[in-house]
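Just below is one structure, and these are the notes that go with it.
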Amino acid sequence: MEPDENSKHLTANVKVGEDIVQAVWEKARIIPEVSPDRWRKDQNGAWIGRDKFNDSSLPLSFGWKLSYILPPEDGGPDEPENLKPLQWENAEATRRNAQRNVVTSDGYHNTYFANLKRFPSE
């Protein structure tokens, strides 16, 4: 992946351009009630905000990072097609090889899986 002048930092310490960030954003799940240009959900159901890329300043925030589907050290290609958008805490859990990701949503708010009284319906 070649960086451009507007490159951003990938979780795996690789710089990527805005075109790749947008392409990965497009992989996130669209929710009909909200603007897909601003809000989507990651594979765990956690809300992410388009303008919150690489924002990991607050727990349970809408910040998100790029994460490898299959890490290069496990044989995955170092290509945009091998990237997915994850809420930043889920991305960090994936990077640490945690058994599962930690953040999902309950309504319009992010929450930790451990705090859920019921399984998310989505």
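The values are calculated or read from the model by the stated rules, or taken from the named source; none is laboratory data. Keep in mind that this is a model prediction, so the values were computed, not measured. As a convention, Cβ positions derive from the backbone with ideal geometry for all residues, glycine included, and neighbour counts pool all protein chains shown.
A few comments on the model shown:
- Scanning segment 77-122 for residues that are over 16 Å from the mean Cα position of the chain (by Cα) and either of a type in the set (V, I, T) or closer than 21 Å to Q22 by Cβ (or both), we see that the one that is modelled with the lowest pLDDT is D78.
- Selected residue [assigned to a helix (DSSP H, G or I) and surrounded by 14 or more Cβ atoms within 10 Å (Cβ to Cβ)] from E89, E73, E81: E89
- Segment 38-58 residues that are in contact (Cβ under 8 Å) with a residue 60 or more places away in the chain, paired with ones that are surrounded by fewer than 19 Cβ atoms within 10 Å (Cβ to Cβ) and part of a loop (DSSP other than H, G, I, E, B) (beta carbon under 8 Å, 6 or more apart): K41/I31; K41/E122; G45/P120; G45/E122; W47/Y108
- Lone qualifier among V21, V16 - being more than 19 Å from S105 (Cα to Cα) and modelled with pLDDT under 95: V16
- Every condition in (1) closer than 26 Å to D106 by Cα; (2) at pLDDT below 90 holds for N6 except the one numbered (1).
- Within segment 33-42, considering residues that are modelled with pLDDT of 95 or more, of a type outside the set (G, A, S) and in a loop (DSSP other than H, G, I, E, B), the one nearest to N90 (Cα to Cα): D42
- Residue in segment 59-67 that is in a loop (DSSP other than H, G, I, E, B) and surrounded by fewer than 16 Cβ atoms within 10 Å (Cβ to Cβ) present: yes
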